[in-house]
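One structure below.
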């Protein structure tokens with residue numbers, strides 16, 4: 001058995017032990033709560049019966065007082081009657097409440113008999129009270145002997161020999177129920193203690209055995225692991241050496257590429273300077289030449305960035321942020337992108353919805369990031385399509401979206417599009433040149449501006465590059 005299975009066995013045994021102990025505790029708490037409810041209901045009924053005993057005696061005395069002392073004591077009789085009725089109502093309610101605490105038919109049968117006894121007591125009292133009313137009426141009419149006879153035979157005698165035995169029996173039954181419940185509580189406590197103790201001993205034995213087996217397995221695995229760590233450490237040293245060699249070759253490759261591309265760019269800028277030094281020609285030609293020179297300057301700056309990147313990945317590129325309008329950067333990038341798009345018969349359309357948002361940015365750097373995104377969109381756009389460059393603004397940020405109508409991203413390319421030197425699987429088929437660092441550079445520029453960048457598929461096809469930048473400090477303008 002492996003260490004993993006032994007750990008799983010120990011964990012399972014622990015969970016079962018905890019579950020069993022929790023079950024015993026929950027059952028004990030449930031029984032305790034049930035016993036408390038049961039004893040509380042019995043106690044309440046006992047109190048009402050004891051009160052009824054006193055009320056019955058008081059009722060008999062008040063009726064006797066009226067017969068002996070006259071009708072001046074009649075209000076006390078009425079009060080005694082009301083007290084008796086209220087006490088019987090409480091007794092009925094307490095008896096029904098006690099029924100709700102019972103758990104089975106065997107327990108309910110005696111309680112149903114008690115409910116029947118309550119009904120009999122109420123009927124008996126009403127009969128006695130009717131006789132008392134006749135005795136009081138006879139006394140009121142001056143028939144003292146008849147009143148005395150009715151009281152002695154139908155009131156006092158029936159209270160003492162019929163109602164009182166029912167009350168005494170009810171009191172005795174409630175005392176017996178309390179005693180029986182207490183005995184059951186003690187028995188249940190003993191059973192729970194035995195079960196809990198047995199579970200604890202069994203759990204301790206099982207967990208101790210599993211723990212010992214696990215300790216032995218871990219010790220053996222530790223010895224094997226130490227040997228394996230030594231072997232893996234050697235492999236890691238070799239892998240690190242190979243990675244350093246690869247990194248060195250990559251750095252050299254970037255330096256060579258940057259060096260080779262600097263010469264043609266210098267020539268391009270020189271040609272533009274020659275054209276600009278001539279006599280003023282057609283305005284459109286001048287604008288084109290100016291764009292050529294501007295693009296050449298930007299490309300030279302890009303090559304400087306590549307050289308700096310080739311020297312060290314960890315070096316922080318400095319940029320000089322100023323307060324600029326977002327739409328100015330977007331329009332400038334879109335105009336230059338249109339030059340790239342025309343040979344492919346692709347149009348670049350701007351939709352400015354940022355309401356003149358201001359951002360803290362390095363104009364040249366941020367335009368460079370936009371040009372990378374636009375160049376990427378142009379390369380993947382079919383002839384006759386269009387590229388939409390849209391801006392928007394929220395409470396804290398401005399958003400730039402570059403959407404094309406190309407094939408979009410594959411599932412394999414999505415997680416890697418911003419990796420340095422990564423080129424998509426379809427780049428070879430599209431014959432798109434490049435080193436695979438454009439989006440990585442754009443990501444670095446945007447993040448240095450405190451923003452975020454992502455590339456997703458559009459809802460209607462194509463790819464959408466989204467750049468989100470914080471608004472300039474100092475509030476909206």
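No lab work stands behind these numbers, since they all come straight from the coordinates. Bear in mind that the values here come from a model prediction, so they are computed numbers and not experimental data. A quick note on method: Cβ atoms are made from the backbone with ideal geometry, for glycine too, and the neighbour counts reach across all protein chains shown.
Quick look at the numbers
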item: Simple label model, 7 Å out from Cα along Cβ direction - residue 51 to residue 397, nm; result: 7.1 nm
item: Relative pair counts by distance (%), Cα atoms of the range 3-213, 5 Å bins; result: 1, 6, 12, 13, 10, 9, 8, 7, 6, 5, 5, 4, 3, 3, 2, 2, 2, 1, 1, 0, 0
item: Relative contact order of the range 319-470, defined on C-alpha pairs under 8 angstrom at six or more residues apart (%); result: 23 percent
item: Length released on extending from residue 227 to residue 349, taking residue separation times 0.36 nm less the Cα-Cα span; result: 37.5 nm
item: Peptides 324-333, 228-237 ordered by average Cβ neighbours within 10 Å, highest first; result: 324-333, 228-237
item: Segment residue 447-residue 414, length gained on full extension (0.36 nm per residue, minus Cα span); result: 10.0 nm
item: Stretch gain in nm, segment residue 244-residue 93, where the contour uses 0.36 nm per residue and the Cα spacing is subtracted; result: 45.4 nm
item: Protection-proxy order for peptides 221-227, 88-94, 130-136, 159-165, each taking the mean of Cβ atoms within 10 Å per residue, highest first; result: 130-136, 88-94, 159-165, 221-227
item: Label point distance in nm, residue 58-residue 161, each placed 7 Å from Cα along Cα→Cβ; result: 2.7 nm
item: Rounded Å value of the spacing that divides the Cα centres of the range 158-225 and the range 6-35; result: 13 Å
